[in-house]
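So the structure is just underneath, and the comments pick up after that.
Readers should treat all values here as calculations from the given coordinates under stated rules, not as data from a laboratory. Because the structure is predicted, anything quoted here is derived from the model rather than measured. Cβ placement follows ideal geometry from the backbone for every residue including glycine, while neighbour counts extend to all protein chains displayed.
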Amino acid sequence: MQAVHTHYATVGISRDAFDEALLKKQYRLLCLKYHPDRNLGREAEAAEKFKELQEAYSILSSPLRRREYDAELGRRNEARAQEREARTRQAREAKPREEREAKPREEREAKPREAAAAAPVGGETGEARRAAAAEARRAAAAEARRGAAAAAAKEEAARAREAEEERAREAAKREATAPPSWLPPRPRPRVPEDAEREERKWEERREEKRSEEWREKSEERREKSEDLREKSEEKREKSEERRERREKKEREKKEKEKWEAEAAPARGAEWVGLDEALAASAQDAMAEEEAILDEVRLAEEREAAEIQEAMRLVEEAMARERAEQEELEWALQAVASLTADFEEAVLAPPAPASPPARCLPPGLSEAEALAAEVQLRTLVELGFPVAVAARYCDGVSEVADLVDRIVLETDAAASQPPSRPFSAASSPDDGGATPRSRNPKALFHWAAKRMKGKLL
């Protein structure tokens, strides 16, 4: 007879002795064994088995769904028992007619006697009595056969269920004790010595695994005990601190009470010289008050003097700033006037290409005079005034050297302070002007330096 696969058989537990703790334990073991990640090369089969385990656990872990599933199993078992009974009845009806209609030996032997005793007795014929007795015997025999068949079917169903559950338990036990799929398959030993050696090796592996699990559990227990010890130490320290604070408060309270008791005068006692002590105390308080008032007056006087000194310093600083501002304004006016004269003098149209010979220094040869005219023309094109540039044209030096000499002398003259305020009416070529007024560029540099120093 083919065994019926149930969820109980899937997780390897008995239906009659169901336990939730055992269900969880078997489910964890089988999930670890049939997880697809631990079954390389058999992922599809492992995934199917893993899915069956999940479905079985989801049904059996819920009491309501488990009751429904048990009722469904009962209906299925009853249907199978009825099917077996029907098959048995069909097989019995398929026997030969003469064997199926054979009657017990007593019934065959009683036929002649029943035929002879067919005479009526007590108003009822013997044939009617015999027919009724035969009918009763047949009904009793049929009822007995049906009861025996039903009992046999129930017993057979119980034996089948027990055998199925036993096979499921054995399979689950084999699966739980079997080595994991990620380990290499155990080779089949050829001799008893190899079998014993292999068995010892597998026992050592199992012992190592159990010892490792035991070590992990012991580590967990040790960590828990350490945590509990630390917590108990913290509680003890806190309790010690609370006790010390409480004792300290009690000691301070007792000392205060003792000091108050010692400092307080006795009841009914009188102080000697109490009035003199009170008068001296009042005089001391008045002296201290006068000293404090004197200190306050001195502090106010010092503060007023400091305020006056600060105001004087501020006024002096403001006067200096006004003077510097006036000087800066004068410099800016000078720069503005010089800028106008400088633009008229420098940005004016260039002098003729051939300046008059009177502008050149005397005593030059013809060649030097021609070279000096070229130098003067170049300097005028660079922006230097004719009167200033003509003094440096010698017909021998380079134009760059002449420019450096003019700039150096101009800067040296700019370092001298102005002899008088600059007049906007004077021109660079005015013979009666001062040296600084004849050099607008130098005066401009001087004003810029003064402005920079004031601003800084």
* Starting with the highest mean, order 298-306, 394-402 by the number of other Cβ atoms within 10 Å, averaged over the residues of each peptide. => 394-402, 298-306
* **Mean Cβ neighbour count within 10 Å, used as a protection proxy, ranking 277-283, 33-39, 79-85 highest first** => 33-39, 79-85, 277-283
* Give, in nm to one decimal, the length gained when the segment between Glu198 and Arg87 is fully stretched (0.36 nm per residue of separation minus the Cα-Cα distance). => 34.9 nm
* To do: Distance check, please: which entries in Lys33/Lys209; Lys235/Lys258; Lys235/Lys256 exceed 26 angstrom between their Cα atoms?
  => Lys235/Lys258; Lys235/Lys256
* For the peptides 14-27, 318-331, what is the packing order when you average, over each peptide's residues, the other Cβ atoms within 10 Å and list the highest mean first? -> 14-27, 318-331
